[in-house]
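Have a look at the structure below before the remarks.
The values are calculated or read from the model by the stated rules, or taken from the named source; none is laboratory data. This is a predicted model, so every value here is computed, not measured. When we count neighbours, we look across all protein chains shown, and the Cβ atoms used for this are built from the backbone with ideal geometry, even at glycine. SASA here: full protein model, heavy atoms, side chains in, ligands and nucleic acids out. Shrake-Rupley method; radii C 1.70, N 1.55, O 1.52, S 1.80 Å.
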Amino acid sequence: GATRQSWLLGRRAGAAAMVVKTDTCSYSGLRIYPGHGIFYVRADQKSFKFLNRKSKSQFLQRLNPRKIAWTQLYRRMHKKGTMEESARKKTRKVNKANTKPVVGMSLDVIKAKRSQKPEVRAAAREAALREVKERNKAKQAAKKAEQKTKAPPAKAQMPKGGNKPKASNKPKGVRR
């Protein structure tokens, strides 16, 4: 009766407070509990702890743990078992962008332009484009007029054939 209940209560309290120091396997990345595992020391004095003979054997065969499906490295590389974290990331609140004044415009001007009707905005854009096109046409006309007044001097005609040396009747190439 009473002793059994006190023993159970003590057991529950101790279970919550007990912390077990675990190591991680050098190959698989799994936890190694006290009293388990293999401690391997290489000739270059580097030491490794393995969970079991299987992971030690695969390590000694130089098999890449990133290609072995049951290791932690493989699972991390292939994003296995990370569903809870991704679900939390998706429910993040998106901040709404506030309107800020730009160097050329004040906040009032920006708000006024935004509240304009699309037809008014389109008409203003067309007028601005028309003005730019007219300005470019005027520039082109001025350039053409300037080129006509400044005509290049006529070149002296060269005799046909230029100043090439006279060709001899000797065959070209090496004679053998």
Inset, instruction - Would you check if there is a residue in region 72-82 being within 30 Å of Gly29 (Cα to Cα), surrounded by 10 or more Cβ atoms within 10 Å (Cβ to Cβ) and in contact with a Leu (Cβ under 9 Å, 6 or more places away or on another chain)? - result: yes
Inset, instruction - Please go through region 138-162 and pick out each residue that is of a type in the set (D, E, K, R) and either open to solvent by less than 100 Å² (accessible area, probe 1.4 Å) or modelled with pLDDT under 80 (or both). - result: Lys150, Lys155, Lys160
Legend entry - Residues (within 40 Å of the chain's Cα centre (by Cα), within 30 Å of Met18 (Cα to Cα) and in a loop (DSSP other than H, G, I, E, B)) located in region 34-73: Leu51, Asn52, Trp70, Thr71
